[in-house]
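The values are calculated or read from the model by the stated rules, or taken from the named source; none is laboratory data. This is a predicted model, so every value here is computed, not measured. Virtual Cβ from ideal backbone geometry, glycine too; neighbours counted across all protein chains shown. Calculation scope for accessible area: heavy atoms of the full protein, side chains included, ligands and nucleic acids excluded. Shrake-Rupley method; radii C 1.70, N 1.55, O 1.52, S 1.80 Å.
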Amino acid sequence: MSGIYIHIPFCKKACHYCNFHFSTQIHQLDDLVESLLKEITLQKNYLSEPIETIYFGGGTPSLLQPTHFEKILNGLQNNFDLSALKELTIEANPDDINLAQAKMWKSIGINRLSIGIQSFQAEALSWMNRAHDTKQSRLAIEHSKAAGIDNISADLIYGTPHLSDEALLNDIAILNDYEIPHLSCYALTVEEKTALFHLIQENKMENVDTEKQARHFELIVESLSNLGYEHYEISNFAKPGQRSRHNSNYWKGIPYLGLGPSAHSYNNISRQWNIANNALYMKSIKEGIVPYEVEQLDLSAKYNEFMMISLRLLEGVDMQQIETRFGLAYKQHTHSILADYLLNGKIELTEKGFAISKQARFLADGIASDFFIV
Ligand code: SF4
């Protein structure tokens, strides 16, 4: 099995914190779709297995018109084996979702929506410079469900200056009342080169507080666990049977093809990423060349990636897999780093190996990096 990711690099408005590749030049959308169609044909031999999941991410894929979806899905159908397709997701912003739009998505086979709610608090949305308001978020969920799309994931951002503990818990309660089966919760990080970074540097906006973020993370984990959500990956929570197939396949190391500017692809041997520049991407595709850089993955790179991903997952690290995939020397290296973490309680043993303990999950990426071989 394999997956396809399609990057739609346009947004109506720039969120202050955003570090993704996007542009507000929405008038280029038609041209971009034409380039995507050409890239589909250029990359048709990248994957050898049938496609199980397709994911439109961005940017803002909910800006695509019905004809855009029709063209892209036809292009995929004509060039890949979609007979095993199980999950077709689009990321959507609340201000793009109305009943007619949601019905159209349902009619063309979209069976999962990832909605960028981020918060139900007006002040928090304004601080982030989001394009939508809280009323639009509620309507977006109601319209999606009325159109028959119940498989919904909501994004939440926590740890922002105006979000109190009570407000965060209220956001979770609202989503639970709507019976949203999947939540992705992210601590807001201030990345250099973002508008937020400069606004904070110039003292025009308040900075985020890392202690508050750690507290919010604990509140999220506890409250969602009480509500019956599985904490299956550091940032992701799902009701039983409702995990994201697409992302779960990434984490299992299943190959995927990324189409569009800045999209990444992986095929077990190498990782490659398209140029993160819309104009240069479109120009190169027009000339019949996919503009990408590639990194061949040696054994250490594969081990580092395996550790980074496994330590973010509920199931943790499988020691037998380390020995089978990487050999005895890597198993010994793992044991040598593991010892201290078992002593300080940040890692616990599991039936198949080990996993980050509940109280240390907020530190997962830092702990994983201690295992890396460089
Ligand atoms: S909608 Fe998403 S991709 Fe677009 S600017 Fe906001 S955070 Fe970035």
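Residues that are out of contact with any strand residue (DSSP E or B) (no Cβ under 7 Å at 6 or more places or on another chain) and open to solvent by 40 Å² or more (accessible area, probe 1.4 Å) were ranked within region 100-120; the one that is farthest from the ligand (Cβ to nearest atom) is Ser107. Counting only helices (runs of 4 or more DSSP H) that sit completely within region 282-354, those holding 1 or more residues that are touching a residue at least 40 places away in the same chain (Cβ under 8 Å) and surrounded by 14 or more Cβ atoms within 10 Å (Cβ to Cβ) correspond to 299-310, 328-343. Can you name every residue in region 100-128 that is part of a loop (DSSP other than H, G, I, E, B) and hydroxyl-bearing (Ser, Thr, Tyr)? Listed by number, the list holds a single entry, Ser119. Take Asn93 and tell me if it is out of contact with any helix residue (DSSP H, G or I) (no Cβ under 6 Å at 6 or more places or on another chain) and open to solvent by 20 Å² or more (accessible area, probe 1.4 Å). Against the criterion (out of contact with any helix residue (DSSP H, G or I) (no Cβ under 6 Å at 6 or more places or on another chain) and open to solvent by 20 Å² or more (accessible area, probe 1.4 Å)), Asn93 does not qualify. Scanning region 77-99 for residues that are assigned to a helix (DSSP H, G or I), closer than 22 Å to Thr134 by Cα, away from the ligand (no atom under 16 Å from the Cβ) and touching a residue at least 40 places away in the same chain (Cβ under 8 Å) turns up at least one hit. Of the residues in region 46-65, at least one is touching a helix residue (DSSP H, G or I) at 6+ places or on another chain (Cβ under 7 Å), surrounded by 19 or more Cβ atoms within 10 Å (Cβ to Cβ) and more than 28 Å from Lys286 (Cβ to Cβ).
Across region 13-41, which residue is nearest to the ligand (Cβ to nearest atom) among those that are part of a helix (DSSP H, G or I), polar (S, T, N, Q) and in contact (Cβ under 8 Å) with a residue 40 or more places away in the chain? I'd like the intermediate steps shown before the answer.
Taking region 13-41 as the starting set, the residues that turn out to be part of a helix (DSSP H, G or I) are 26-41.
Filter once more, keeping what is polar (S, T, N, Q): 28, 35, 41.
With in contact (Cβ under 8 Å) with a residue 40 or more places away in the chain added as a condition, the list becomes 28, 35.
Numbers: Gln28: 15, Ser35: 19 Å.
Residue satisfying both the conditions and the ranking: Gln28.
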